[in-house]
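Undergrad: One structure, as structure tokens, below. Some questions next.
Every read-out reported here was derived from the displayed coordinates using simple, explicitly stated rules and does not represent laboratory data. Note that the structure is predicted; figures quoted are calculated from it, not measured. Here the Cβ positions follow ideal geometry from the backbone for every residue, glycine too, while neighbour counts run over all protein chains shown.
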Amino acid sequence: MPITGIAEIIYGVEDFDTCVQFFEDFGLSKRHNDSDHALFEVVSGQRVRLYPLGDSRIPKSELVGPGVHECIWAVASQDDLDDLVADLSQDHDVTVDETGTAHFVTSFGQAIGLRVFQPRPFTCAPSPTNAPGVVNRMNVPRKWLSRAIPKTISHCVWTFLDVNEAFDFYSERLGFKMSDIQKGVGYYIRAGRSTNHHSSMLADANQALFGFDGKFRFHHVNFGVEDLDEIMAGKTYMTRKGYEDNGWGFGRHRVSSELFLYMPSPAGGEVEYGADCDQLDDNWRPRVWGAAFAAFTFVHDMPDWLKEHEPEWDVTYVTPETARYVPIKS
Ligand SMILES: [Fe+2]
């Protein structure tokens, strides 16, 4: 199935000017800005668009609060787009706008777009890493970065009232593949033609451990950067601008292996600088993880629930008996 990743995310925001400044400081390239519409790009050409919450240009949906109200997913060709639209049109009201982007709303109230989009080619050159007895840099310092410049929009996460309903739609109708299940949290899914561990995470809105409140909300978006140096250069720059992280500081998730730094966003939810994420192909065998065991390999500022004891080993391959997420009761 043909989705390659994210083409554009469309925010509805409460404090428009503050959000424009935030994304500039975060490292996105501003392409357009007037009093009620801003457009940013990352290096790949993937886009972030901002409108004031309630603006008629934001697709209608059942999402509660500010955040990403529509994600426009990318396909590589018009043929791919036509195939998806033909299938979805059987039971959805699909409209195609003047740019050729298709829009529809799912039965669970999420606005989704589909667009022909090819990411812009770009190059990363992370500094080679030394270790005792392993010299990859002799007489060469690491790069000195003054701030982060996000390269990609890697994944976007929402909390759903019914995670299994969302998973069935994303997998059966849009061709996403299960990467992993986190017990009591939800599904990690990747677009059918992406190797990134997850293009989205379908999170259970009733999971109070991570602060979810039982509503269909935007949770966070991940911006891919080069390596840990760029994550921390971004954090250092943002700290000087007066922004704080989400209380965890720098860390690495055990599920996906991704390095992270999350910040609360004035645009709703959080933004994440990410790097060194697992890449998967169809040889990957999905796993089912304990929620706490999956969360962190290490984390700078440990949440209280992790301080009490180290989580026990809790990961197995998904089997037919464990392939379905077990919802938390509200
Ligand atoms: Fe994330």
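Undergrad: Measuring from label point to label point, each 7 Å out along Cα→Cβ, what is the residue 195 to residue 60 span in nm?
TA: So the two model labels end up 4.3 nm from each other.
Undergrad: Counting other beta carbons within 10 Å of each Cβ, put 82, 278 in order, fewest first.
TA: In increasing order of surrounding Cβ atoms, one gets 82, 278.
Undergrad: Towards the positive end of the charge dipole of the chain, with charges on Cβ (+1 Lys, Arg; -1 Asp, Glu), say which of 255, 38, 319 has the farthest Cα.
TA: Farthest along the dipole direction, towards plus: 255.
Undergrad: Then there is this: Report D for the stretch 229-287 in µm² per second (integer): Stokes-Einstein, Kirkwood Rh on Cα pairs, 37 °C, 0.692 mPa s.
TA: 257
Undergrad: Under the Kirkwood approximation applied to all pairs of distinct alpha-carbon atoms, what is the hydrodynamic radius of the stretch 27-104 in Å?
TA: Across the stretch 27-104, the inverse of the average 1/r is 14.5 Å.
Undergrad: Right, another one. Starting with the highest mean, order 84-94, 7-17, 183-193 by the number of other Cβ atoms within 10 Å, averaged over the residues of each peptide.
TA: 183-193, 7-17, 84-94
Undergrad: Then there is this: Could you work out the relative contact order of the stretch 175-246? I mean the mean sequence separation of Cα pairs under 8 Å and 6+ apart, divided by the number of residues, in percent.
TA: Reported as a whole number, the value is 16 percent.
Undergrad: Nearest 5 is fine: what % of DSSP beta bridges in the chain come out antiparallel, could you say? Don't skip to the answer; put the middle values down first.
TA: Working: 54 of 79 bridges.
Looking only at bridges with both residues in the chain, the antiparallel portion is about 70 percent.
Undergrad: Can I get the semi-axes of the stretch 46-197's equivalent ellipsoid? Compute them from the C-alpha gyration tensor as square roots of 5 times the eigenvalues, in angstrom, largest first.
TA: Taking √(5λ) for each Cα gyration eigenvalue gives 35, 19, 17 Å.
Undergrad: A further question on this structure: Assign one of three labels to the stretch 145-223, namely rounded, prolate or oblate, based on the Cα gyration tensor with a ≥ b ≥ c the square roots of its eigenvalues; rounded applies when a/c is under 1.5, prolate when it is not and a/b is larger than b/c, and oblate otherwise.
TA: oblate
Undergrad: Under a no-solvent Debye model with one identical scatterer per Cα of the chain, what's log10 I(q)/I(0) at q = 0.07, 0.08, 0.11, 0.16 Å⁻¹?
TA: Scattering profile of the chain, log10 relative to I(0): -0.28, -0.36, -0.71, -1.57.
Undergrad: Assuming a ≥ b ≥ c are the square roots of the Cα gyration tensor eigenvalues, decide whether the stretch 193-277 counts as rounded (a/c under 1.5), prolate (otherwise, with a/b larger than b/c) or oblate.
TA: Verdict is oblate for the stretch 193-277.
Undergrad: Taking only C-alpha pairs under 8 Å that are 6+ residues apart, what is the relative contact order of the chain in percent?
TA: For the chain, the relative contact order is 18 percent.
Undergrad: If you take every DSSP beta bridge fully contained in the stretch 131-289, what fraction is antiparallel? Give it as a percent rounded to 5.
TA: Just about 65 percent of them are antiparallel.
Undergrad: Let me know the charge dipole size of the chain about its Cα centre in debye, to the nearest 20, where only the beta-carbon of Lys, Arg (+1) and Asp, Glu (-1) is charged.
TA: Charge dipole of the chain: 920 debye, to the nearest 20.
Undergrad: State the extension gain, in nm to one decimal, for the chain segment bounded by residue 82 and residue 36, taking 0.36 nm per residue of separation less the distance between their alpha-carbons. The partial results should precede the final answer.
TA: Values: separation 46, 0.36 × 46 = 16.56 nm, distance 3.20 nm.
Value of the extension gain: 13.4 nm.
Undergrad: Right, another one. Largest first, please: the extent of the C-alpha atoms of the stretch 224-330 along each principal axis, to the nearest Å.
TA: 50, 34, 27
Undergrad: Could you order peptides 304-314, 163-173 by the average number of other Cβ atoms within 10 Å of their residues, highest first?
TA: 163-173, 304-314
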